[in-house]
Amino acid sequence: MKERIYLDTSVFGGYFDEEFSEHTIPLFDRIKINDFTLLFSAVTQDELENAPEKVKNLVKSIRTDNTEFLDTTEESIDLATEYIKEK
């Protein structure tokens, strides 16, 4: 079974950052050849709306059949709330 991965939005920007590109470019190359299913959520979409154009273009370059959209659930909200509470 193909691995499913959820990326923090900062990873998308890391593709263009010299400090992180050594690792993120090969990761996105693997995503593009369908080695992974990239998981998206409403949070990811909202955060990427304000991203630089080059980051948006990177997201658009990923085939939709290599992605899966995650619904926001009560459980995910509770988990996020717990993370925030614990700092």
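The values are calculated or read from the model by the stated rules, or taken from the named source; none is laboratory data. Bear in mind the structure is a predicted one, so any value in this text is a computation, not a measurement. Cβ atoms come from the backbone with ideal geometry, glycine included; neighbour counts cover every protein chain shown.
A few remarks follow.
Per-residue answers, yes or no, for (1) surrounded by 10 or more Cβ atoms within 10 Å (Cβ to Cβ); (2) among the basic types (Lys, Arg); (3) under 13 Å from the mean Cα position of the chain (by Cα):
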{"position": "26", "(1), (2), (3)": "yes, no, no"}
{"position": "54", "(1), (2), (3)": "yes, yes, no"}
{"position": "80", "(1), (2), (3)": "yes, no, no"}
{"position": "83", "(1), (2), (3)": "no, no, no"}
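- Of the helices (runs of 4 or more DSSP H) lying entirely inside the range 31-87, those containing at least 1 residues that are modelled with pLDDT of 95 or more are 53-60.
- Contact map, the range 27-49: residues that are under 24 Å from residue 80 (Cβ atoms) paired with residues that are in a helix (DSSP H, G or I) and among the hydrophobic types (A, V, I, L, M, F, W, C), Cβ distance under 6 Å, separation 6+ or inter-chain. Pairs shown: 38/31; 48/59.
- Of the residues making up the range 14-30, those that are assigned to a helix (DSSP H, G or I) and either closer than 21 Å to residue 64 by Cβ or among the hydrophobic types (A, V, I, L, M, F, W, C) (or both) number 6.
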